[in-house]
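Working notes, structure below.
Each value in this text was obtained by applying a stated rule to the coordinates, not by laboratory testing. The structure presented is a predicted model; accordingly, all values stated were derived computationally and were not measured. Cβ atoms come from the backbone with ideal geometry, glycine included; neighbour counts cover every protein chain shown.
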Amino acid sequence: MSLRFWLAATLTLSVFWPVCWMDWSARATVTAQQRPDTFTLLKLDTPVERTISGSREHLFRVNLSKDEAARVEVEQRNADVVVSATVGDGKDFARVNVRTSIKGSEPLYLLTETGTEVRIKIAGATRDSAGLYVIKLVDRHPTTEDDRKLFKAQTLATEASRMAAQGDTASKKQAWTYFEQALLIWQNMKEDAWRASTLLQMGQLALDLNNSQEARDFFSRAAMLGFNLEDAGLEATARQGLCRIHGTFNEHGEAVKCLDKLVPYFKTTGDKTEQARLMLEKVRALRQQQQYAAAATAAQDVIPICQAIENKGWEADGYELMGQSYLDLKDKGRAAGAFTQAMLLRRALNDKPAELALQHRVGQLQLALGEIEDARTTFTKALALAQSLGDKAVQASLQYNLGELWFAANDNQKALTAYREARQLAQFYTKPEVESVVQIGFARTSLDADQTADVAVALTRANELVKIHGERLAETQVAFLQCRLASKLGDHPAAREAGQRAYGLAKRIGHYLWEYESLVMSARAAHAMGDTAGALKDSEIAFALSESPRRRAYETELLKYGKRPEYSLYLDLLMNENARRLKESSDVLAFQLSERLRTNNLLDFLNLAKVDFSAWADPDTLRRERELINKIRQLEAQRTQALETRQPEAQLAKLNQQVDDLTRQYQTLQKELFDKHPRYALLARPKALSFAEIQQLLDADTALLEYALGTESSTAWYITKTEAKSYTLGPGAAIEALAQRLAQASAQPATNTDALLRELSKLIITPVATQFKVNKLWIVPDGALHYVPFAALYEDKTRVLSFRREIASLPSSYTLAYLRDTPPPKRTEGRDLAVISDPVLQANDVRLPAAARANAKDVYPEALAQMVNDPASAEFTKRALTRRGVRLNWDELYKGLMFKAYDFNATRTNLMDGHFSDFYALHLDVPTFINAHRPELSGFALSLVNPEGQSQPGFVSLADLYQLNLNAQLVTLPSARTALGSPARSEALVALTRGMMYAGVRNVMTSLWEVDREATREFMRLFYENLFGQKLSPPAALHAAQVVMRKSPRWSAPHYWAGFVVEGIGR
């Protein structure tokens, strides 16, 4: 018996029965029209053996006398057949297929009261049926009462099957009645084969009539009878029904077990169609259990079987189920690949709506993966298909997707064009939440493009739609964008109101970014309105949010701000006179906040530079830290998704609790990490020092001058052993602009910078200069002040700062504490001075043998190659790579032991392997690049070519520098400069010098700009004579050299001496 007749995994018999009935009726009609001599006469105990295949039919006849009964059996030998019987009118009175396999006997009961010829037809159960069978007349005798009962049951079962196949409920209920009557007879007559067949059909009929519990009972009884009859096919068919029942009752685990037991049977019989059907059902059941990995694997297994039976529809189903499973596993790449295969199959089947849906989904995944060009191609093709199908709703959605695509590609104008198209199709949106997303996308992109036209209209419409669908995520974003719009329009009261509302909504749903950004905008609005107390309150909360571990989950998004706005605003407020009246401690808070801002800006910069701090702490703790951050990031994403899909409040509450728990775990772990690894803590979370703590680090002849540039005003803190004062300076923008002009002018030897020096001095030195009563000044600059030659600034009308005092720079006041607390490097005998200079950087270098130069080509490391190929830095980089070092007469300058690494010996390998570590002083006269715009390209170049002319790794990146342990009193970098030739983010310079300090270097001498070779040689000679001959500290040696150069008629211009600076505190 055909398994697909009795039970289909995806098609009910209400669909299948009519097909069977029409098929058999057509065959009966053909049979009735045959001539009698085409029918083989069956004789008692005379078996007839035949082979059947395909759609062939075999015809037989039995002549019965009046009141005679007979029994015919068809023994199936590797052939699943259907037996039907008719009398003279051509109507079937029996159809038999009680054995659902290629083995076993099919019993047919014949009976007549008048005497007649019964015609019998044998056909394959399916078009693929093929094999041997034997038909024989096993008994004939006068009719008994038992014969009449069996014949009646057979007739009832046949009629029930016919009525069930009609499909309507009334016919199915009548079929049920007939089956019940037949089943009672089979039970009384102990006809187990017929009984099992009837139970099987009644189980399917119960499913059709939505009586799953009764269906379970019938299938279970049928399966038991199949087992007793040793009819594996019948048992398997019954268990297919039970598998479906498990699904009906959401017993998906049991369904999987059930299906796993069935598949091997169909592998044995070679029925790949049933294998594929069952395996697809297994995939669906696994997905219902949320076992997505197992579902993806099962889908992968079923696809080759679907291909073998050439069922493209099922193959497409398999790929779709696989794609959905990968999507649930957050594996968007594999999901996109699976959906693409499904899309191609739907296209081959000419199923355009399904192809369109899949094309749409693939494009969305490509967009999520950042595959912008592939997504654009996919969306464009999908849009053309949607237009050909006239599907306006999908067209609208695709235009929105294109808007998102161009927004992700930072092309706001194209994004707005797409959003406008999507808005024009708004009437075709079937759900209000879809249109609201389009209006929000248009508003967001318009604001990013500094356009405000129609934004208010779009947000008003979005707000109306939000009230209909009630999606809290959209409601929050609308309020957030209303705040942005009001801020851009200068409507501070509206911005304040919308910002407070957006913050409350964002806090309720746990959306960190909108909480943070809403507070910053609200604080700015309050400040603009003169509400200092309100602005301070919002800034304090924004600051606390910024310090939260949750921020780590959004580092990439927040790096777009550069310097952190919540710090800058809070700092501005704390330096505001009104704030000082409101908060007695505002001066100290502002100082500590300034220090924290330096640390965080540097960390952000180092993250951009891909600096790895794994060597600074034990790997296991850092791994646990990363895992916690990743878990927090995943939970934040799940929370956003839960909001988008409107998950129950309980689910959101659970996610919120999980985030809180992980945050507490992270805080505990960080404390453990910082306690165990103070060097790591120095970089990641340095302690904010109070004025009193700093004063304890200073001696009586030293002062600390620290700057913080603010938007409306700036501050200078002057701290000595006995006092700490703050001074209000002008707006930060004006100071930075002047500082940048001075830095650029100072780099040109022919430019007179005196006017600029005096102008900047009035802004940042004169307000404090009256307090200068010490001989050592340690300066902590801010912003563009890092590129200012402080030694040349004027403290009065005639005297520059370096006239009578040493000047050194520090990255932060905490660096002072670090250097004071860290024991100085011990001098190792024989390792006083190392000179590394003149690395071989190009393949045509004359130091290479002629044969090597003939065929050599420049092969730059990636960082240098990018700068060489970048028009903004190409000329500067190439010039730096051709510049030879300034060689000094070291034998005259230093009489002790020294190590020289020139030419091919100046290698990256020697540096990274520690060959230049533990020297008292290290002179690195090599091309040094401080790339303010591309921090990952900062570093210095050592030999890029070996003596044979072969390229070798020679670039020491910023990331490499933070892994070194140089352990030196001084490192000199006379060739350090910005790669773009102009100052930008101060962290670029700080990152290099501070990295040296974290590598164990006490002092770093570098240059702010490129200085004439002869002037550099003279300055370095003076510096090292003072350092080694006079045994001065690095800042004192620098000061002495500057005094001599300044007095020299030839080198008196600040260009030649003021650009050399020392970062550090001496010995």
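A few comments on the model shown:
- If you sort the three axes of the alpha carbon gyration tensor as a ≥ b ≥ c, you get a/c of 1.5 or more for the stretch 691-819 and a/b above b/c, which makes it prolate.
- When the charge dipole of the chain is built from unit charges on Cβ atoms (+1 for Lys and Arg, -1 for Asp and Glu) and taken about the Cα centre, the candidate among 757, 719, 243 whose Cα reaches farthest toward its positive end is 757.
- Taking the Cα centre of the stretch 691-819 as reference, the dipole from Cβ charges on Lys and Arg (+1) and Asp and Glu (-1) amounts to some 360 debye.
- Taken one residue at a time, the phi angles of the stretch 529-541 give Karplus couplings (6.51, -1.76, 1.60, θ = phi - 60°) of 7, x, 8, 5, 4, x, 5, 4, 4, 5, 5, 4, 5 Hz. Gly and Pro are set to x.
- When the charge dipole of the chain is built from unit charges on Cβ atoms (+1 for Lys and Arg, -1 for Asp and Glu) and taken about the Cα centre, the candidate among 60, 156, 442 whose Cα reaches farthest toward its positive end is 442.
- Listed pairs 43/267; 121/173; 895/1047; 152/282 exceeding 32 Å between Cα atoms: 43/267; 152/282
- Between the amide H of residue 41 and those of 61, distances stay under 5 Å, these residues lying 5 or more places away or on another chain, with hydrogens modeled in the peptide plane.
- What separates the Cα centres of the stretch 340-378 and the stretch 943-963 is a distance of 45 Å.
- Footprinting exposure proxy for 720, 126 (fewest neighbouring C-beta atoms within 10 Å first): 126, 720
- With contacts taken as Cα pairs under 8 Å and at least 6 residues apart, the stretch 403-547 reaches a relative contact order of 15 percent.
- Between residue 81 and 125, the built amide H atoms are under 5 Å apart, and every one of these is 5 or more places off in sequence or on another chain.
- With K and R counted +1 and D and E -1, the other residues having a Cβ less than 12 Å from that of residue 417 yield a net charge of +1.
- A cut-off under 13 angstrom between Cβ atoms defines the neighbours of residue 799, and their net charge, with Lys, Arg +1 and Asp, Glu -1, is +3.
- Here the Karplus curve 6.51 cos²θ - 1.76 cosθ + 1.60, taken at θ = phi - 60°, turns the phi angles of the stretch 285-293 into couplings of 5, 4, 5, 4, 7, 6, 8, 6, 5 Hz, with x standing for Gly and Pro.
- Here's how it looks for residue 920: its modeled amide H is under 5 Å from those of 828, 832, 833, which are all 5 or more places away or on a different chain.
- The distance from the alpha carbon centre of the stretch 989-1010 to that of the stretch 88-164 is 99 Å, rounded to a whole number.
- Burial ordering of 1019, 772, fewest other beta-carbon atoms within 10 Å first: 772, 1019
- Within the chain, helix-based [θ] at 222 nm, where runs of 4 or more DSSP H residues each add -39,500 (n - 2.57), nearest 500: -18000 deg cm²/dmol
- C-alpha long axis of helix 412-424 to longest principal axis of the chain, angle in °: 40
- Sorting the segments 621-628, 371-378 by their residues' average number of neighbouring beta-carbon atoms within 10 angstrom, most packed first, yields 371-378, 621-628.
- The stretch 245-276 and the stretch 714-780: distance between their alpha carbon centers, rounded to Å: 81
- Positive-end extreme of charge dipole, the chain - chosen from 114, 181, 798 (charges on Cβ): 798
- Dipole magnitude of the chain about its Cα centre (Cβ charges: Lys, Arg +1; Asp, Glu -1), debye to nearest 20: 1500
- Legend: P(r) of the chain from all alpha carbon pair distances, 20 Å bins from 0, whole percents, reading 10, 28, 24, 17, 12, 7, 1, 0.
- Least to most buried among 940, 916 (fewest other Cβ within 10 Å first): 916, 940
- Under the criterion of Cα pairs below 8 Å and six or more residues apart, the relative contact order for the chain equals 5 percent.
- Each peptide in 649-658, 349-358, 951-960, 517-526 receives the mean, over its residues, of other Cβ atoms within 10 Å, and ordering these scores from highest gives 517-526, 951-960, 349-358, 649-658.
- Relative packing of peptides 963-969, 208-214 - highest average C-beta neighbours within 10 Å first: 963-969, 208-214
- Reachable lysines from residue 467, criterion Cα separation under 17 angstrom, eight or more residues apart if same chain: 431
- Cα gyration tensor shape of the stretch 1020-1067, rounded if a/c is under 1.5, else prolate or oblate by comparing a/b with b/c: oblate
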